[in-house]
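What follows is calculated from the coordinates using simple rules that are stated; it is not laboratory data. Remember, predicted model here, so these are calculated numbers, not experimental data. When we count neighbours, we look across all protein chains shown, and the Cβ atoms used for this are built from the backbone with ideal geometry, even at glycine.
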Amino acid sequence: MPGLIPPSLVVLSGAGLSAESGVATFRGADGLWEGHRIEEVATPEAFKHQPQLVHRFYNLRRAGLKTVLPNAAHEALVKLEREWPGAFLHVTQNVDDLNERAGAQKLLHMHGELKKVRCLWCRAVLPWEDSLETTTACPECAKTGKLRPDIVWFTEMPYYIDEIMRALQTVNVFLCIGTSGVVYPAAGFARLAADYGCQRMIEVNLEPTSISDNFTEQRHGPATVEVPKLVDELLAELSSG
Ligand code: APR
């Protein structure tokens, strides 16, 4: 019908989206935080006091990206992005590049990206494929020891908060995929979307989470099964009016 504004959609994703590609999640039996103490590798203090340890942790994770591929859930979200007629935004807490490799364009990495580094001296943000050492020189300003992974560590401010807040104010369909919902502010987005009046709130996860109460629909199962099904359903509903 002419004049009708098409519904807007926001996706919030977490580590469960990439789990079936072989990227470790954070919590749970084989989670990254089971083998590492967060404060030793993922805080600004850790980087100040033990930069080698922090670099080693992120170098391994960056190298690990070379052996993984996008899965059916990443691909389905790209289909949704391309075919959804209204505003679309995918906010990911993931620092891998699997969404981009599947073709995602309307994507915000609120916790940064493994394949980017940031210079604490000249503030340049640069694409980065290789290992980072404490002796690595910044390609922009040539200072050594100033490059850090462009990852949002605990106690730091996530990226793109203004854009995300704006999207949550007008969202009509909110999808939350593969996040345990324990790390704020992302864990608060579902509540905010609901408070702003979002009617369709769908959570996809293997199990109920600490934020499940905010959702009107739950899909329990692996993302590679549930997300493609859900995307097809949403697109079919929309085309049937
Ligand atoms: N399909 C769907 N959901 C899954 C799958 C899967 N195949 N595998 C795991 N999950 C779910 C788990 O049940 C869990 O709820 O994904 C969630 C992963 O939770 P976390 O490991 O806590 O990851 P995430 O929520 O992304 O963590 C948030 O914490 O440490 C920080 O910065 C880090 O961005 C990360 C943030």
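Here is how the numbers come out for the structure above:
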{"item": "Inter-label distance, nm, simple model (7 Å from Cα along the C-beta direction), Thr144/Tyr184", "result": "4.3 nm"}
{"item": "Over 20 Å (Cα to Cα) - which of Lys66/Lys146; Lys79/Lys106; Lys66/Lys106; Lys116/Lys146; Lys48/Lys146 fall in this group", "result": "Lys66/Lys146; Lys66/Lys106"}
{"item": "Shape metrics for the chain, restricted to C-alpha atoms - Rg then Dmax, Å", "result": "18.6, 61"}
{"item": "DSSP H segments from the chain that extend 18 Å or more along their own axis, Cα-based, with Kyte-Doolittle mean of 0.0 or above", "result": "223-239"}
{"item": "Label-point gap, in nm, between Ala137 and Gln218 - each point 7 angstrom along Cα→Cβ", "result": "5.7 nm"}
{"item": "D_trans [Stokes-Einstein, Kirkwood Rh over alpha-carbon pairs] for the stretch 153-241, 4 °C, 1.567 mPa s, µm² s⁻¹", "result": "93 µm²/s"}
{"item": "Using alpha carbons only: equivalent-ellipsoid semi-axes of the stretch 87-214, gyration tensor based, whole Å", "result": "33, 14, 14"}
{"item": "Binned Cα-Cα distances of the stretch 163-211, short to long, each 5 Å bin given as a whole percent", "result": "5, 22, 32, 25, 13, 2"}
{"item": "Once the Cα gyration tensor of the stretch 1-105 is diagonalised, semi-axes √(5λ) in Å", "result": "34, 15, 12"}
{"item": "Set of aspartates and glutamates with alpha-carbon distance to Lys143 below 20 Å, sequence-local pairs under 8 removed", "result": "Glu129, Asp130, Glu133"}
